[in-house]
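Data block below; observations after.
Just so you know, all these numbers are worked out from the coordinates, no wet-lab data involved. The model shown is predicted, which means the values in this text are computed figures rather than measured ones. Virtual Cβ from ideal backbone geometry, glycine too; neighbours counted across all protein chains shown.
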Amino acid sequence: MVPADAPDPRAVLAAFGLPGEPVAVTEVEGAWSNRVLRLRTTEGDYAVKELRNAWGEPRWREWLDEGWRLELAALEAGVAVPEPVRTADGGCLAHVPRSDRSRDVPVRVHRWVESAQVPREPVDRGVARWVGRTLARVHGLALRPGVPGLYAGRLGLTTAEVWPDLVGRSAAAGAPWTSALARAEPTARRATALLVPWDGADELLCHGDVDQKNLLLAPDGPRLCDWDVVLPRLPAHDLAEAALTMASWRVPAVAASVVDAYRAAGGARWPLTPTDLGPSLASRLGWIRFTVDRALEARAAGATTPEAAGVPGLLTDLAHRVVVAESLGHWLG
């Protein structure tokens, strides 16, 4: 069976020069910004990603090309990733028709990896050490952004300056989270205080989203997936965020395992400081703003969304993250 709105499987095989005949196409659960399908064929299975540009960004294709450059370099350096399949011209992207011929859609293809998903909770020490070693190897590639100005405004960093507007619009809409949002403003300002300027010349291309959702547990070990939209970052910022994410911001020993493995694998040995988590917290403020905006839009349309119920939890989590970040050295120690 092939869903009517799925990319046409024969067109996918032709675009990527793959042998065999389609057997089945099934949706993979858990994807959000893009759509992922499993394409079964007589010659093997593939992960087909339909790219959706969920953020509506005009330069997303250029970001994708930068991500492709880093993904190929990481693969060549021995980083464990799902094997990408190139198009006939050596690129990563092809436009193919949907099965119902309603329109063409952009797709990428990787060879399918039989694996388990990593739960969104603290990982075990073995996975934490693998993440540390992997980050050291990616940072060691020392790839710089190749397109001047491509990432201007891309990082999505948000400061507490948006808070009065968020609170005001929430109050005007009679949103139930208004009081909690107002009480969180001092916390948002403490998060913003950790966002200090840095020298962009020191940034390297990084995966940018080393998160449990982007790890696959294959029989031969973890794989890091989803290299579509990489970011220029300071290695210290990238390491700090990945370490805390693997620990779910709750288990210091897991975060310390990431950092220790990174250093043992040849990564820089500078101490992590609270300001290394400034960009991560600013991104979290951006996610809260995005969530509130979506919930207010739905409320104005007379609908309800999961985002509305999630706002108080995001604010509680923000308070916890700020406390951890402010005491990072003690917390890790």
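Using C-alpha pairs under 8 Å with a sequence gap of at least 6, the mean separation divided by the residue count of segment 125-332 gives a relative contact order of 32 percent. If R0 is 45 Å, the Cβ-Cβ spacing of Leu157 and Val23 corresponds to a FRET efficiency of close to 0.50. Sorted fewest first by neighbouring Cβ atoms within 10 angstrom, His139, His110 come out as His110, His139.
Rounded to the nearest 20 debye, the dipole size of segment 9-113 about its Cα centre is 280 debye, using +1 on the Cβ of Lys and Arg and -1 on the Cβ of Asp and Glu.
When Arg133, Arg294 are sorted by how many other C-beta atoms sit within 10 angstrom of their C-beta, beginning with the fewest, the order is Arg294, Arg133.
Taking other C-beta atoms within 10 angstrom as a stand-in for reagent exposure, Ser99, Ser33 fall in the order Ser33, Ser99, fewest first. Across segment 138-223, the mean sequence separation of Cα contacts (distance under 8 Å, 6 or more residues apart), normalised by length, yields a relative contact order of 40 percent. Relative to the Cα centre, the charge distribution of segment 106-243, modelled as +1 at Lys and Arg Cβ and -1 at Asp and Glu Cβ, gives a dipole magnitude of about 140 debye. Using the Cβ-Cβ distance between Ala319 and Asp45 with R0 set to 51 Å, the FRET efficiency from 1/(1 + (r/R0)^6) comes to roughly 0.70. Taking a Cβ cut-off of under 14 Å around Val96, the surrounding Lys, Arg, Asp and Glu residues balance to a net charge of +2, with basic ones at +1 and acidic ones at -1.
Dividing the mean sequence gap of close Cα pairs (under 8 Å, 6+ apart) by how many residues segment 43-196 holds gives a relative contact order of 23 percent.
Of the trypsin sites (Lys or Arg not before Pro) found in segment 205-292, those that fall in a DSSP loop while having at most 13 other beta-carbon atoms within 10 Å are Arg250, Arg269.
Dipole of segment 121-189 computed with +1 at Lys/Arg Cβ and -1 at Asp/Glu Cβ about the Cα centre; of Ala142, Trp177, Ala188, farthest Cα towards the positive end is Ala142.
In sequence order, segment 213-226 has phi-based couplings of 5, 9, 10, 10, 9, 8, x, 9, x, x, 10, 9, 10, 6 Hz under the Karplus curve 6.51 cos²θ - 1.76 cosθ + 1.60, θ = phi - 60°, and Gly or Pro positions carry x. Between the amide H of Asp8 and those of Arg98, Ser99, distances stay under 5 Å, these residues lying 5 or more places away or on another chain, with hydrogens modeled in the peptide plane. Judged by the mean number of other Cβ atoms found within 10 Å, the most tightly packed of the peptides 43-50, 174-181, 275-282 leads the ranking 275-282, 43-50, 174-181. For segment 1-69, a crude dipole built from +1 on the beta carbon of Lys and Arg and -1 on the beta carbon of Asp and Glu, taken about the Cα centre, is about 80 debye to the nearest 20.
Using the Karplus relation 6.51 cos²θ - 1.76 cosθ + 1.60 with θ = phi - 60°, the per-residue 3J(HN,Hα) values for segment 289-301 come to 4, 4, 5, 5, 4, 5, 5, 5, 4, 5, 4, 5, 8 Hz, with x marking Gly and Pro.
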